[in-house]
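See below for the structure under consideration.
The values are calculated or read from the model by the stated rules, or taken from the named source; none is laboratory data. Computed from a prediction, not measured in an experiment: that's the story for all the values here. Glycine gets a Cβ as well: all are built from the backbone with ideal geometry, and neighbour counts include every protein chain shown.
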Amino acid sequence: MNTVNNMTNPKIKVRNLSFYYENGHQALFNNDLDIREHAITAVIGPSGCGKSTHLRTYNRIYSLHRGQRAEGEIWLDGINILAPETDLLLLRRRVGMIFQRPTPFPMSVFENVAYPLRLHFKMNKREVADRVEQALRDASLWEEVKDTLHKSGQALSGGQQQRLCIARAIVTEPEVLLLDEPTSAIDPVATLKIEDLLLRLKERFTIVIVTHNMQQAARISDVTAFFYKGHIVETGETKQVFTTPKQKQTEEYITGRFG
Amino acid sequence: MALHLPSPRNTSPSMTLRPFFWRKLQNGLVQTFSIIALALAIGAMLWILGTIFSRGGEVLSWDFLTNSSKPYGVPGNGIANALLGTLMITVTAAVIAIPIALAAGIGLSEFAKQSRFANLMRFCINVMMGIPSILIGLFVYMLWVVPQKSFSGFAGALALAILMIPVITRTTEDMLRMVSDHLREAALALGCSRWEMIVQVVCKSARNGLVSGILLAVARVAGETAPLLFTALFADTWPRDFFTHPTANIPVLITETTTNSPFEAMHQVGWGAALVITLIVLIINIVAKTCFREQKR
Ligand SMILES: Nc1ncnc2c1ncn2[C@@H]1O[C@H](COP(=O)(O)OP(=O)(O)OP(=O)(O)O)[C@@H](O)[C@H]1O
Ligand SMILES: [Mg+2]
């Protein structure tokens with residue numbers, strides 16, 4: 001075992017996690033991973049190795065699809081996310097998620113961000129407006145949309161839409177943010193904006209990000225986990241994983257990418 | 001990990017090209033045939049519309065639209081009672097059918113999905129859509145009109161509702177399935193319950209498509225005649241007793257004044273009524289298509 005697992009007081013502890021799709025295909029094999037609080041953990045690995053599958057167990061979003069199932073334990077501050085009695089609505093308020101493709105709802109920019117607030121809290125209009133503004137500021141989108149809050153969220157540019165989704169995810173103050181290749185559908189400038197944003201947000205949230213972009217992982221993450229064919233091959237401090245990887249597969253993947 | 005792209009030179013030398021000439025000829029033939037078929041279809045439609053507009057246009061007037069229908073020989077014939085009756089029957093049918101069909105469509109798309117039960121339901125819905133509408137009329141006649149001992153507009157509405165339900169269910173399911181799972185996951189990830197996700201995000205997203213499906217179903221049943229013959233029947237009176245008496249309506253008025261009457265004056269009324277119902281159906285169709293186009297954007 002390496003140094004990253006068994007860290008003191010991780011925010012999330014994954015133990016012996018396996019995952020099966022409807023067709024019986026096993027996508028994850030006995031994953032063990034600790035997610036450090038107030039840090040960015042990057043999940044990397046070749047396409048199809050199970051990164052998304054792994055991330056999608058943390059908020060049990062896979063349960064939308066009947067027949068998919070996870071085995072093992074995922075501990076979030078002492079509650080087991082995978083236990084059947086876990087309240088999914090509460091879990092998802094604590095664990096927010098941002099997807100690869102931006103998913104604004106067919107509502108105005110304002111309503112998109114206000115929507116989860118109204119789902120979870122009783123608030124007066126003033127409070128809702130304040131929190132929406134704060135979330136949009138935190139997502140570095142406020143200046144661009146403050147005069148057009150009533151316009152459809154789906155009319156924004158791709159990068160703006162993704163920041164809108166981030167605002168929507170953080171407005172209810174979750175504890176953990178999951179991001180599955182959040183910048184792969186977005187241009188480089190917008191990508192840098194989102195990376196800056198994540199670096200700022202890690203003061204308040206625990207962040208787990210799946211990325212195909214090695215530079216991105218190296219730039220923003222504190223801890224890196226390397227996945228290969230459903231197994232976690234190596235985890236460690238990002239610097240160590242990128243400079244002195246312990247496993248041959250990790251080294252091949254990283255150097256292959258860097259050329 | 002190196003990428004292995006097959007090089008274009010890997011095509012085997014034994015492969016021979018099919019002659020371009022035949023492929024082009026085939027292409028040309030298929031194209032010509034489909035253009036002719038299209039012209040025939042459009043031509044037939046224009047012919048029908050042209051006849052209805054020219055014959056019906058002659059009788060259309062304000063009095064025609066506001067007078068009640070009358071037996072042959074009585075002056076001042078019109079279609080207002082039938083127009084009102086058709087409106088009442090169709091709206092009642094829609095009020096009955098829409099909630100049931102929306103719920104069924106949501107159930108199929110969001111809950112039952114690909115289960116055995118869902119596929120059985122889909123099969124039944126397809127069968128229902130294929131049942132000749134006159135049989136639906138007979139069905140309501142036996143189960144409602146006979147026990148109630150009277151024809152009524154409401155019985156007609158029941159028959160039309162039964163016709164609408166499978167159509168709206170199908171379009172609802174199709175429209176909801178066009179909404180991508182990404183949106184569903186995004187809603188659930190924010191902490192929506194299943195039901196909040198369906199109503200506030202998925203249905204909202206498919207709203208225009210749902211409205212368009214409903215309108216098309218309304219347009220389709222608004223001109224149905226057979227199911228009304230055994231249920232609403234017809235009356236030259238205003239539709240006062242919707243639940244207990246035969247109720248005037250446009251489709252049956254058309255059959256009454258044309259096939260059931262030897263008099264040219266009555267035929268004229270029939271043409272006028274045909275024009276009015278055609279216009280109504282046409283307008284509903286256009287609105288529905290506009291909704292659908294917005295949806296796709
Ligand atoms: N719905 C599904 N049904 C069956 N198998 C699936 C399904 N989705 C993914 N898989 C399989 O599970 C494995 C892991 O997929 P996953 O999407 O987690 O990979 P990934 O690491 O996120 O890849 P990428 O980098 O391309 O996003 C793959 O082998 C994939 O083929
Ligand atoms: Mg993925």
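Mind checking whether some residue in the stretch A:157-168 is within 19 Å of the chain's Cα centre (by Cα), surrounded by 20 or more Cβ atoms within 10 Å (Cβ to Cβ) and either within 16 Å of ligand 1 (Cβ to nearest atom) or farther than 14 Å from A:Arg101 by Cα (or both)? It would help to see each step written out before you state the result.
So the first thing to find is which residues in the stretch A:157-168 are within 19 Å of the chain's Cα centre (by Cα), and the list is A:158-168.
Filter again for surrounded by 20 or more Cβ atoms within 10 Å (Cβ to Cβ), leaving A:159-168.
Next, from what is left, pick out any that are either within 16 Å of ligand 1 (Cβ to nearest atom) or farther than 14 Å from A:Arg101 by Cα (or both): A:167-168.
For the stretch A:157-168, residues within 19 Å of the chain's Cα centre (by Cα), surrounded by 20 or more Cβ atoms within 10 Å (Cβ to Cβ) and either within 16 Å of ligand 1 (Cβ to nearest atom) or farther than 14 Å from A:Arg101 by Cα (or both): present.
Put simply, of A:Val176, A:Val132, A:Val113 the only residue that is over 29 Å from A:His54 (Cα atoms) and either in contact with a Leu (Cβ under 9 Å, 6 or more places away or on another chain) or within 14 Å of another protein chain (Cβ to nearest Cβ) (or both) is A:Val132. The C-beta contact set for the stretch B:90-118 (first residue touching a residue at least 24 places away in the same chain (Cβ under 8 Å), second residue among the small types (Gly, Ala, Ser), distance under 6 angstrom, 6+ apart or interchain) comprises B:Thr90/B:Ala222; B:Thr92/B:Ala157; B:Ala93/B:Ala157; B:Ala93/B:Ala161; B:Ile96/B:Ala161; B:Ala97/B:Ala161; B:Leu108/B:Ala118. Residues in the stretch A:95-132 that are touching a residue at least 60 places away in the same chain (Cβ under 8 Å) and either assigned to a loop (DSSP other than H, G, I, E, B) or within 18 Å of B:Arg194 (Cα to Cα) (or both): A:Val95, A:Gly96, A:Met97, A:Phe99, A:Gln100, A:Arg101, A:Pro102, A:Thr103, A:Pro104. For the stretch A:97-110, a tally of residues being more than 7 Å from chain B (Cβ to nearest Cβ) and closer than 17 Å to A:Asp180 by Cβ returns 4. Tell me yes or no: at least one residue of the stretch A:65-80 is within 14 Å of chain B (Cβ to nearest Cβ), among the basic types (Lys, Arg) and closer than 22 Å to A:Leu119 by Cβ. No, there is no match, as no residue in the stretch A:65-80 is within 14 Å of chain B (Cβ to nearest Cβ), among the basic types (Lys, Arg) and closer than 22 Å to A:Leu119 by Cβ. All conditions in (1) within 16 Å of ligand 2 (Cβ to nearest atom); (2) among the aliphatic types (A, V, I, L, M); (3) more than 13 Å from chain B (Cβ to nearest Cβ) hold for A:Val145, with the sole exception of (1).
Taking the condition of a type outside the set (Phe, Trp, Tyr), closer than 20 Å to A:Ile61 by Cα and modelled with pLDDT of 95 or more, does B:Leu176 pass?
Working: of a type outside the set (Phe, Trp, Tyr): yes; closer than 20 Å to A:Ile61 by Cα: yes; modelled with pLDDT of 95 or more: yes.
Answer is yes for this residue.
Taking each residue of the stretch A:34-55 that is within 14 Å of chain B (Cβ to nearest Cβ) and looking for partners that are within 16 Å of ligand 2 (Cβ to nearest atom) and among the hydroxyl-bearing types (Ser, Thr, Tyr) with beta-carbon atoms closer than 6 Å, six or more apart or interchain, yields A:Gly45/A:Tyr228; A:Cys49/A:Tyr228. Among the numbered conditions (1) within 14 Å of chain B (Cβ to nearest Cβ); (2) without any contact (Cβ under 8 Å) to a residue 40 or more places away in the chain; (3) within 16 Å of ligand 2 (Cβ to nearest atom), the only one that A:His25 does not meet is (1). Quick check on the stretch A:187-215: of everything there that is in contact (Cβ under 8 Å) with a residue 40 or more places away in the chain and within 16 Å of ligand 2 (Cβ to nearest atom), which residue is surrounded by the fewest Cβ atoms within 10 Å (Cβ to Cβ)? Only one residue tops the list, namely A:His212.
Scan the helices (runs of 4 or more DSSP H) fully inside the stretch B:183-264 and keep the ones with 1 or more residues being free of Cβ contacts under 8 Å to residues at least 60 places away in the same chain, surrounded by fewer than 21 Cβ atoms within 10 Å (Cβ to Cβ) and touching a Phe, Trp or Tyr at 6+ places or on another chain (Cβ under 9 Å).
On the way: elements: B:207-222, B:226-229, B:250-257.
Of the helices (runs of 4 or more DSSP H) lying wholly inside the stretch B:183-264, those with at least 1 residues that are free of Cβ contacts under 8 Å to residues at least 60 places away in the same chain, surrounded by fewer than 21 Cβ atoms within 10 Å (Cβ to Cβ) and touching a Phe, Trp or Tyr at 6+ places or on another chain (Cβ under 9 Å) span B:250-257.
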